[in-house]
Amino acid sequence: MATHVITGAGSGIGAAVARRLHERGDELVLVARDLKRAKELAEQYPGARTLVADLADPDRISWALGKQAQPEQVDTLLHIAGIVDLGPIGELRPRTWHQQLNVNLIAPAELTRLFLPQIRAVRGQVLFVNSGAGLNAHAEWGAYAAAKHGLKALADSLRHEEKPNGIRVTSVYPGRTAGPMQAKVHSQEGKEYDASRWIDPESVATTILTALDLPRDAEINDLTVRPGR
């Protein structure tokens, strides 16, 4: 039975991935921002363990996890949580930059650092759910794209550093995917939101499980997923 540490399991792509792994009997360790969210996730995925750590405050993640029982084995670490706030560079305040960099880049780096010993022990895998914005930046996406470009650099560096330890590192770059984040983006863009126009989170989950389940003689480094409609 594989053990997966997952961020962002409460909705969207993260929920789809967690549900698929839970249904097949894998062990889940779900990172929640607070005790209330941890309780909700534990009810949503019976038998799953939770860890409370606020990704918006990466300086305190080590302290928070140090007060909780850690999984002895981590086969995969899946970074799926993310936030987005759009706006032109000329209007973005430091607070907005810090929020997106913390959750989308610095927190994944810190969680990776903390769980690397367990991942190395089983020659496991780290998977980053990035974004099309991690490859191309557009107007008013500057802060989010900067964090996601940084996430690509983090994954690429980690892949080179940990290859001798047998760790596989994968980045998945979904295009616009239906879910709460996409609804928020449309609201910020002043556009009507129609979920049927965008990728179903289940489709992205299928690509993620493909990367996780690939035999050990191969690895998927980068995987781009775009809307098919």
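Against the criterion of solvent-accessible heavy-atom surface with a 1.4 angstrom probe, 160, 22 sort, most first, into 160, 22.
Would you calculate, for the chain, the mean residue ellipticity at 222 nm contributed by helices, counting each DSSP H stretch of 4 or more residues as -39,500 (n - 2.57) and dividing by all residues, to the nearest 500?
Working: 8 runs with 95 residues, N = 229.
Dividing the helical sum by the residues of the chain leaves -13000 deg cm²/dmol.
Quick one: net charge of residue 33's neighbours, Cβ under 13 Å, K/R +1, D/E -1? Don't skip to the answer; put the middle values down first.
Working: positive: 36, 37, 39, 60; negative: 34, 40, 54, 57.
Residues close to residue 33 contribute a combined charge of 0.
Skip the ligands, DNA and RNA, and give the accessible area per residue of the chain with a 1.4 Å probe, whole Å². Before the final figure, lay out each step's value.
Details: 11030 Å² over 229 residues.
Each residue of the chain exposes 48 Å² on average to a 1.4 Å probe.
Amide H to amide H distances under 5 Å link residue 32 with 51, 52, 53, where only residues 5 or more positions off or on other chains count and H is placed in the peptide plane. For the peptides 188-198, 119-129, the ranking by mean Cβ contacts within 10 Å, running from highest to lowest, is 119-129, 188-198. Largest accessible area first, the residues 135, 111 order themselves as 135, 111 under a 1.4 Å probe with ligands, DNA and RNA left out.
Neighbours of residue 2, meaning other residues whose beta-carbon lies under 11 angstrom from its beta-carbon, give a summed charge of -3 when Lys and Arg score +1 and Asp and Glu score -1.
Return the carbon/sulfur percentage of the accessible area of segment 71-229, one whole number, probe 1.4 Å, all protein chains in place. Kindly include the intermediate steps, with their values, before the conclusion.
Values: 3970 of 7570 Å².
That share works out to 53 percent.
Along the axis of the charge dipole computed for segment 71-229 (Cβ charges of +1 for Lys and Arg, -1 for Asp and Glu, origin at the Cα centre), the listed residues 133, 119, 199 are led at the positive end by 133.
Return a whole-number percent for the relative contact order of segment 1-69, with Cα pairs under 8 Å and 6 or more residues apart as the contact set. Let's see the in-between values first.
Numbers: 97 pairs, mean separation 17.4, N = 69.
Once normalised by length, the contact order is 25 percent.
If Lys and Arg each add +1 and Asp and Glu each add -1, what is the summed charge of the other residues whose beta carbon sits under 13 Å from the beta carbon of residue 96?
Working: positive: 93, 95; negative: 85, 91, 140.
Within the 13 Å Cβ shell, the charges total -1.
When nucleic acids and ligands are ignored and a 1.4 Å probe is applied, residue 55 ends up with an accessible area of around 20 Å². Extents of the chain, taken as max minus min of Cα coordinates on every principal axis and listed largest first, are 46, 38, 37 Å.
The values are calculated or read from the model by the stated rules, or taken from the named source; none is laboratory data. As the structure is a prediction and not an experimental result, all values here were calculated from the model. Don't worry about glycine lacking a Cβ; one is built from the backbone with ideal geometry, like all the others, and counts go over all protein chains shown. All accessible areas refer to the heavy atoms of the entire protein, side chains included, with ligands and DNA or RNA removed. Shrake-Rupley method; radii C 1.70, N 1.55, O 1.52, S 1.80 Å.
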